[in-house]
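Encoded as structure tokens, the structure appears first; notes follow it.
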Ligand code: ATP
Ligand code: MG
């Protein structure tokens, strides 16, 4: 799968742009604030129908413009296809292969992307919630049934939270608590089973990438952590349920006292270890970046296994903080599928592919 051509009109700082891309590596170079991230944002927006950084889609319209238009020619599903989106204040028109579509769902699958942006580094360092969200989004892309299970789990969890909060005013609510716990245990076990498989696959692939990336200097290990009574998240679903139930029961009193849902996979997390040191605590800037990019490369491979096509990789501002060897890995050794790499240094080159130099929303230079 690859983007053959992209045309933008009045999107962010692009008044009008038309670029033809290499099916392999595309290096987007330019000084700060010239439109490099905006370009990746446009490609990502075409693939998933939302921006990874805009709060409102009106931010995407070029200042003073009434409408923005994004148009891409894409090779996917063994043929050439087109995607077109017209954005106006409060409205969005969508077209696939020239035909108007009502919802983004009807465009899904034409273009898939995996994005690395500098904010992903914070996710590896900060609290568990961000990491869970990142993993959940990746699993949802791979397994539509997971999406439904997660939504159900969150619904039950919210209802249980309300019971715990309102129980003093309405003690009768406590009678239904066991029923909610049982439903949480059932759906929770399913969620743990999905996550265990996802993290095992992701960890194995990321380990290989991280090893190449660091020139064999660091050994990457990913560990999925769920409730303490589950020693083996690959156990049969019945065992997982029993172990979850056990954890819930041992925390029943604490939950009533704190009026919070304290146990279950909504507290899950994962850790990355490099040569047995926890990345969160001991990782250097370059190590965190290397691990984050390795995880994205692994996620892209998992998607390829599942969908049969290699998603387009969007790497925003990846090179900073990386030493020469690691920069070479990004620029020259990601050989599968199409890759977009933005960087501030205009002297960077890749051994193959195409290079674009961008200045104030215009392409200054294009090199094969
Ligand atoms: P950096 O190297 O600092 O990350 P960049 O090349 O990635 O820079 P972008 O984030 O793509 O820069 O943004 C470039 C410019 O786009 C910003 O200076 C911003 O003011 C401008 N911009 C953002 N939104 C709009 C908009 N809706 N209309 C016009 N210009 C915009
Ligand atoms: Mg940028």
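None of the figures in this text is laboratory data; all of them are computed from the coordinates on show. Just so it is clear, the structure is predicted and the values come from calculations on it, not from any experiment. Cβ sites come from the backbone with ideal geometry, for glycine too, and all protein chains shown count toward neighbours.
Quick look at the values:
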{"quantity": "Enumeration of residues in the stretch 45-67 that are part of a helix (DSSP H, G or I) and more than 12 Å from ligand 1 (Cβ to nearest atom)", "calculated": "45, 46, 47, 48"}
{"quantity": "Single condition residue 263 does not satisfy, out of (1) surrounded by fewer than 18 Cβ atoms within 10 Å (Cβ to Cβ); (2) free of Cβ contacts under 8 Å to residues at least 60 places away in the same chain; (3) out of contact with any strand residue (DSSP E or B) (no Cβ under 6 Å at 6 or more places or on another chain)", "calculated": "(1)"}
{"quantity": "Residue list for the stretch 146-173, restricted to those being free of Cβ contacts under 8 Å to residues at least 24 places away in the same chain and in a helix (DSSP H, G or I)", "calculated": "147, 148, 151, 155, 158, 159, 162, 163, 166, 171, 172, 173"}
{"quantity": "Complete set of residues in the stretch 7-42 that are assigned to a helix (DSSP H, G or I) and away from ligand 1 (no atom under 12 Å from the Cβ)", "calculated": "none"}
{"quantity": "Sole residue being away from ligand 1 (no atom under 16 Å from the Cβ), over 19 Å from the mean Cα position of the chain (by Cα) and surrounded by 19 or more Cβ atoms within 10 Å (Cβ to Cβ), chosen from 331, 277, 295, 313", "calculated": "331"}
{"quantity": "Yes/no for residue 367 being more than 30 Å from residue 227 (Cβ to Cβ), without any contact (Cβ under 8 Å) to a residue 60 or more places away in the chain and within 16 Å of the chain's Cα centre (by Cα)", "calculated": "no"}
{"quantity": "Count of the stretch 332-354 residues which are within 16 Å of ligand 2 (Cβ to nearest atom) and not in a strand (DSSP E or B)", "calculated": "4"}
{"quantity": "Flag if residue 274 is within 27 Å of residue 35 (Cβ to Cβ) and in contact with a strand residue (DSSP E or B) (Cβ under 7 Å, 6 or more places away or on another chain)", "calculated": "no"}
{"quantity": "Residue in the stretch 124-145 that is buried (at least 17 other Cβ atoms within 10 Å of the Cβ), within 16 Å of ligand 2 (Cβ to nearest atom), within 11 Å of the chain's Cα centre (by Cα) and in contact (Cβ under 8 Å) with a residue 12 or more places away in the chain present", "calculated": "no"}
{"quantity": "Single unsatisfied condition, residue 313 versus (1) touching a helix residue (DSSP H, G or I) at 6+ places or on another chain (Cβ under 7 Å); (2) in contact (Cβ under 8 Å) with a residue 40 or more places away in the chain; (3) in a loop (DSSP other than H, G, I, E, B)", "calculated": "(3)"}
